[in-house]
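Reviewing the structure listed below.
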Amino acid sequence: MNKTYEVKPVPIPKFSKLIDLAEGKRLYQSRGCGDCHEVDGRGKTFIQDPAIGILSGSNLTAGKGGVLTDRSDEELAIAIRHGVGKNGKPLIFMPSTDFQGMTNEDVGKLISYLRSTPSIDKSQGEVKPGPLGRFLFLMGEIPVFVSAEIINHETIHLTNITPSVSIEYGKYVASTCSGCHGFSLKGGPIQGAPPEWPPAQDISKNGLTKYTEANFVQTIRTGKRPDGSEMKFPMPWKSLGQLTDTELKALWLYLQTIE
(Lines give C-alpha, C1' and ligand atoms only; values in the text may rest on other atoms or scores of the structure.)
Protein backbone atom coordinates (compact mmCIF):
# COMPACT_ATOMS: atom_id res chain seq x y z
CA MET A 1 0.00 0.00 0.00
CA ASN A 2 3.01 2.29 0.35
CA LYS A 3 4.62 1.18 -2.88
CA THR A 4 5.19 3.75 -5.63
CA TYR A 5 4.11 2.92 -9.17
CA GLU A 6 5.44 4.49 -12.34
CA VAL A 7 2.89 4.87 -15.11
CA LYS A 8 3.64 6.72 -18.33
CA PRO A 9 0.86 9.16 -19.23
CA VAL A 10 -0.76 8.99 -22.66
CA PRO A 11 -2.62 11.85 -24.39
CA ILE A 12 -6.32 11.89 -23.54
CA PRO A 13 -8.74 13.51 -26.01
CA LYS A 14 -10.93 16.37 -24.78
CA PHE A 15 -14.60 16.73 -25.64
CA SER A 16 -16.98 19.67 -25.45
CA LYS A 17 -19.98 18.78 -27.64
CA LEU A 18 -23.17 18.08 -25.73
CA ILE A 19 -23.55 14.65 -27.34
CA ASP A 20 -20.08 13.65 -26.09
CA LEU A 21 -20.67 15.01 -22.59
CA ALA A 22 -23.97 13.12 -22.48
CA GLU A 23 -22.10 9.94 -23.38
CA GLY A 24 -19.57 10.70 -20.62
CA LYS A 25 -22.45 11.03 -18.17
CA ARG A 26 -23.91 7.72 -19.34
CA LEU A 27 -20.54 6.04 -18.89
CA TYR A 28 -20.32 7.47 -15.36
CA GLN A 29 -23.77 6.13 -14.53
CA SER A 30 -23.60 2.77 -16.29
CA ARG A 31 -20.12 1.84 -15.04
CA GLY A 32 -21.15 2.31 -11.42
CA CYS A 33 -18.92 5.30 -10.63
CA GLY A 34 -21.66 6.80 -8.47
CA ASP A 35 -21.60 3.78 -6.15
CA CYS A 36 -18.40 5.13 -4.58
CA HIS A 37 -18.29 8.73 -5.78
CA GLU A 38 -22.01 9.58 -5.41
CA VAL A 39 -24.40 10.48 -8.23
CA ASP A 40 -23.14 14.07 -8.40
CA GLY A 41 -19.47 13.14 -7.96
CA ARG A 42 -19.02 14.57 -4.46
CA GLY A 43 -17.69 11.27 -3.09
CA LYS A 44 -18.99 9.22 -0.19
CA THR A 45 -18.02 6.62 2.38
CA PHE A 46 -19.21 3.32 0.90
CA ILE A 47 -17.75 0.82 3.38
CA GLN A 48 -17.57 1.49 7.10
CA ASP A 49 -16.61 -1.71 8.84
CA PRO A 50 -14.13 -1.96 11.74
CA ALA A 51 -12.67 -5.18 10.34
CA ILE A 52 -12.60 -4.48 6.60
CA GLY A 53 -11.94 -0.76 6.99
CA ILE A 54 -13.34 2.66 6.24
CA LEU A 55 -13.33 3.35 2.51
CA SER A 56 -14.42 6.54 0.79
CA GLY A 57 -14.57 7.63 -2.83
CA SER A 58 -12.92 10.93 -3.81
CA ASN A 59 -14.75 14.14 -4.60
CA LEU A 60 -14.59 14.16 -8.43
CA THR A 61 -15.60 17.82 -8.84
CA ALA A 62 -13.64 21.07 -9.00
CA GLY A 63 -14.96 22.18 -5.60
CA LYS A 64 -12.94 22.57 -2.43
CA GLY A 65 -11.69 19.10 -1.49
CA GLY A 66 -12.20 17.85 -5.03
CA VAL A 67 -9.49 16.35 -7.24
CA LEU A 68 -10.21 18.01 -10.57
CA THR A 69 -8.41 21.30 -9.93
CA ASP A 70 -4.95 19.81 -9.49
CA ARG A 71 -5.17 16.79 -11.81
CA SER A 72 -4.58 16.80 -15.54
CA ASP A 73 -6.75 14.64 -17.77
CA GLU A 74 -3.79 12.31 -18.19
CA GLU A 75 -3.38 11.95 -14.41
CA LEU A 76 -7.09 11.25 -14.02
CA ALA A 77 -6.86 8.58 -16.73
CA ILE A 78 -4.02 6.92 -14.79
CA ALA A 79 -6.17 6.93 -11.66
CA ILE A 80 -9.12 5.40 -13.52
CA ARG A 81 -7.27 2.75 -15.52
CA HIS A 82 -4.24 2.03 -13.32
CA GLY A 83 -5.42 2.74 -9.77
CA VAL A 84 -2.48 5.09 -9.20
CA GLY A 85 -2.73 8.57 -7.70
CA LYS A 86 -0.88 11.79 -8.43
CA ASN A 87 2.02 10.91 -6.16
CA GLY A 88 2.48 7.45 -7.64
CA LYS A 89 0.86 5.82 -4.61
CA PRO A 90 -1.88 3.24 -5.14
CA LEU A 91 -5.51 4.26 -4.73
CA ILE A 92 -6.99 2.01 -2.06
CA PHE A 93 -10.04 0.02 -3.20
CA MET A 94 -10.18 1.72 -6.60
CA PRO A 95 -11.53 -1.02 -8.92
CA SER A 96 -9.29 -0.10 -11.85
CA THR A 97 -9.26 -3.73 -12.93
CA ASP A 98 -12.78 -2.99 -14.20
CA PHE A 99 -11.58 -0.01 -16.22
CA GLN A 100 -8.03 -0.87 -17.27
CA GLY A 101 -9.19 -1.72 -20.79
CA MET A 102 -11.27 1.42 -21.27
CA THR A 103 -10.39 3.21 -24.51
CA ASN A 104 -8.81 6.66 -24.62
CA GLU A 105 -12.00 7.99 -26.20
CA ASP A 106 -14.30 6.65 -23.48
CA VAL A 107 -11.98 7.85 -20.71
CA GLY A 108 -11.80 11.25 -22.41
CA LYS A 109 -15.58 11.55 -22.57
CA LEU A 110 -15.91 10.46 -18.94
CA ILE A 111 -13.34 13.02 -17.75
CA SER A 112 -14.79 15.79 -19.95
CA TYR A 113 -18.20 15.11 -18.41
CA LEU A 114 -16.77 15.32 -14.89
CA ARG A 115 -15.18 18.68 -15.72
CA SER A 116 -18.55 19.96 -16.91
CA THR A 117 -20.35 19.18 -13.64
CA PRO A 118 -21.01 21.74 -10.86
CA SER A 119 -18.29 22.23 -8.25
CA ILE A 120 -19.14 20.80 -4.85
CA ASP A 121 -17.19 21.58 -1.69
CA LYS A 122 -16.60 18.38 0.24
CA SER A 123 -13.42 17.12 1.84
CA GLN A 124 -12.01 13.65 1.21
CA GLY A 125 -13.65 10.99 3.35
CA GLU A 126 -11.53 8.67 5.45
CA VAL A 127 -9.64 5.83 3.79
CA LYS A 128 -8.40 3.41 6.44
CA PRO A 129 -8.00 -0.30 5.64
CA GLY A 130 -8.87 -2.47 8.63
CA PRO A 131 -6.99 -5.50 10.00
CA LEU A 132 -9.22 -8.08 8.27
CA GLY A 133 -9.10 -6.12 5.02
CA ARG A 134 -5.30 -6.09 5.12
CA PHE A 135 -5.17 -9.80 5.97
CA LEU A 136 -7.55 -10.76 3.14
CA PHE A 137 -5.52 -8.60 0.74
CA LEU A 138 -2.34 -10.43 1.72
CA MET A 139 -4.16 -13.75 1.23
CA GLY A 140 -5.19 -12.67 -2.28
CA GLU A 141 -8.88 -12.51 -1.42
CA ILE A 142 -9.32 -8.75 -2.02
CA PRO A 143 -6.96 -7.80 -4.87
CA VAL A 144 -8.99 -4.63 -5.47
CA PHE A 145 -7.53 -3.21 -2.23
CA VAL A 146 -4.47 -2.40 -4.33
CA SER A 147 -5.57 -2.96 -7.92
CA ALA A 148 -2.39 -1.23 -9.11
CA GLU A 149 -0.43 -4.30 -8.03
CA ILE A 150 -2.16 -6.63 -10.50
CA ILE A 151 -2.56 -4.29 -13.48
CA ASN A 152 -0.12 -4.32 -16.38
CA HIS A 153 1.07 -0.70 -16.47
CA GLU A 154 2.75 -1.23 -19.84
CA THR A 155 -0.57 -1.89 -21.56
CA ILE A 156 -1.14 0.04 -24.79
CA HIS A 157 -4.70 1.35 -24.62
CA LEU A 158 -7.04 1.30 -27.59
CA THR A 159 -7.88 4.71 -29.03
CA ASN A 160 -11.50 3.71 -29.52
CA ILE A 161 -13.76 0.75 -30.16
CA THR A 162 -16.81 0.65 -32.42
CA PRO A 163 -19.96 -0.46 -30.55
CA SER A 164 -21.42 -3.58 -32.15
CA VAL A 165 -23.24 -6.75 -31.16
CA SER A 166 -20.05 -8.78 -31.16
CA ILE A 167 -18.06 -10.97 -28.78
CA GLU A 168 -15.18 -8.49 -28.86
CA TYR A 169 -17.36 -5.59 -27.79
CA GLY A 170 -19.16 -7.76 -25.25
CA LYS A 171 -15.83 -8.58 -23.63
CA TYR A 172 -15.09 -4.85 -23.46
CA VAL A 173 -18.38 -4.21 -21.66
CA ALA A 174 -17.99 -7.26 -19.38
CA SER A 175 -14.87 -5.84 -17.74
CA THR A 176 -17.23 -3.67 -15.68
CA CYS A 177 -18.69 -6.81 -14.11
CA SER A 178 -15.45 -8.33 -12.84
CA GLY A 179 -15.27 -6.30 -9.63
CA CYS A 180 -18.20 -8.24 -8.14
CA HIS A 181 -18.49 -11.36 -10.29
CA GLY A 182 -14.74 -12.07 -10.36
CA PHE A 183 -12.28 -12.16 -13.23
CA SER A 184 -13.80 -15.47 -14.38
CA LEU A 185 -17.32 -13.97 -14.07
CA LYS A 186 -18.41 -17.13 -12.25
CA GLY A 187 -19.48 -15.31 -9.11
CA GLY A 188 -18.82 -16.03 -5.48
CA PRO A 189 -18.12 -13.80 -2.46
CA ILE A 190 -17.74 -10.14 -3.44
CA GLN A 191 -14.33 -8.57 -2.77
CA GLY A 192 -14.28 -6.61 0.47
CA ALA A 193 -18.02 -6.96 1.02
CA PRO A 194 -19.51 -7.15 4.52
CA PRO A 195 -20.52 -10.70 5.53
CA GLU A 196 -24.24 -9.94 5.15
CA TRP A 197 -23.86 -9.26 1.41
CA PRO A 198 -24.96 -12.20 -0.77
CA PRO A 199 -22.41 -13.75 -3.14
CA ALA A 200 -22.39 -12.61 -6.75
CA GLN A 201 -24.18 -14.85 -9.23
CA ASP A 202 -22.41 -16.99 -11.79
CA ILE A 203 -22.92 -15.08 -15.06
CA SER A 204 -21.03 -17.52 -17.27
CA LYS A 205 -23.04 -19.61 -19.78
CA ASN A 206 -23.73 -22.26 -17.11
CA GLY A 207 -25.08 -19.66 -14.71
CA LEU A 208 -27.48 -18.15 -17.25
CA THR A 209 -29.28 -21.29 -18.45
CA LYS A 210 -32.68 -19.85 -17.47
CA TYR A 211 -32.13 -16.75 -19.56
CA THR A 212 -32.52 -15.83 -23.18
CA GLU A 213 -31.00 -12.72 -24.74
CA ALA A 214 -34.39 -10.98 -24.52
CA ASN A 215 -35.10 -11.68 -20.85
CA PHE A 216 -31.44 -11.08 -19.93
CA VAL A 217 -31.76 -7.54 -21.32
CA GLN A 218 -35.17 -7.16 -19.67
CA THR A 219 -33.77 -8.30 -16.29
CA ILE A 220 -30.99 -5.70 -16.37
CA ARG A 221 -33.47 -3.02 -17.41
CA THR A 222 -36.12 -3.78 -14.76
CA GLY A 223 -34.27 -5.57 -11.95
CA LYS A 224 -36.68 -8.51 -12.20
CA ARG A 225 -35.56 -12.02 -13.15
CA PRO A 226 -37.54 -14.28 -15.52
CA ASP A 227 -39.10 -16.08 -12.51
CA GLY A 228 -40.42 -12.77 -11.16
CA SER A 229 -37.92 -12.44 -8.29
CA GLU A 230 -36.15 -9.11 -7.80
CA MET A 231 -32.44 -8.53 -7.96
CA LYS A 232 -31.41 -7.05 -4.65
CA PHE A 233 -28.55 -4.88 -3.42
CA PRO A 234 -25.65 -4.86 -4.11
CA MET A 235 -26.53 -5.74 -7.74
CA PRO A 236 -26.44 -2.25 -9.36
CA TRP A 237 -29.11 -2.96 -11.99
CA LYS A 238 -30.25 0.66 -12.06
CA SER A 239 -26.77 1.72 -13.12
CA LEU A 240 -26.38 -1.17 -15.56
CA GLY A 241 -29.79 -0.29 -16.97
CA GLN A 242 -28.05 2.71 -18.55
CA LEU A 243 -26.20 0.33 -20.88
CA THR A 244 -27.38 0.55 -24.47
CA ASP A 245 -29.16 -2.31 -26.23
CA THR A 246 -26.01 -2.86 -28.26
CA GLU A 247 -23.91 -3.11 -25.08
CA LEU A 248 -26.32 -5.52 -23.38
CA LYS A 249 -26.72 -7.76 -26.44
CA ALA A 250 -22.94 -7.83 -26.95
CA LEU A 251 -22.49 -8.62 -23.23
CA TRP A 252 -24.94 -11.50 -23.53
CA LEU A 253 -23.10 -12.80 -26.58
CA TYR A 254 -19.76 -12.70 -24.78
CA LEU A 255 -21.07 -14.33 -21.58
CA GLN A 256 -22.35 -17.24 -23.70
CA THR A 257 -18.73 -17.99 -24.66
CA ILE A 258 -17.67 -18.56 -21.02
CA GLU A 259 -18.15 -22.23 -20.19
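Here are a few things to note about the model shown:
- One residue stands out in region 33-55 among those that are charged (D, E, K, R) and part of a loop (DSSP other than H, G, I, E, B): the one that is surrounded by the fewest Cβ atoms within 10 Å (Cβ to Cβ), namely 40.
- Yes/no for residue 61 being of a type outside the set (Asp, Glu) and surrounded by fewer than 19 Cβ atoms within 10 Å (Cβ to Cβ): no
- Check on residue 234, assigned to a loop (DSSP other than H, G, I, E, B), outside the structural domain of residue 94 (by TED's automatic domain parsing) and free of Cβ contacts under 8 Å to residues at least 12 places away in the same chain: no
Conditions (1) assigned by TED's automatic domain parsing to the domain that holds residue 69; (2) in a loop (DSSP other than H, G, I, E, B); (3) of a type in the set (A, V, I, L, M), marked per residue:
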residue: 123; (1), (2), (3): yes, yes, no
residue: 155; (1), (2), (3): no, yes, no
residue: 180; (1), (2), (3): no, no, no
residue: 186; (1), (2), (3): no, yes, no
residue: 191; (1), (2), (3): no, yes, no
residue: 203; (1), (2), (3): no, yes, yes
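- Index of the failed condition, residue 146 passing every other in (1) part of a loop (DSSP other than H, G, I, E, B); (2) β-branched (Val, Ile, Thr); (3) within 19 Å of residue 85 (Cβ to Cβ): (1)
The values are calculated or read from the model by the stated rules, or taken from the named source; none is laboratory data. Just so we're clear, the structure is a prediction, and the values are computed from it rather than from any experiment. Here Cβ is always computed from backbone atoms with ideal geometry, including for glycine, and neighbour counts include all displayed protein chains.
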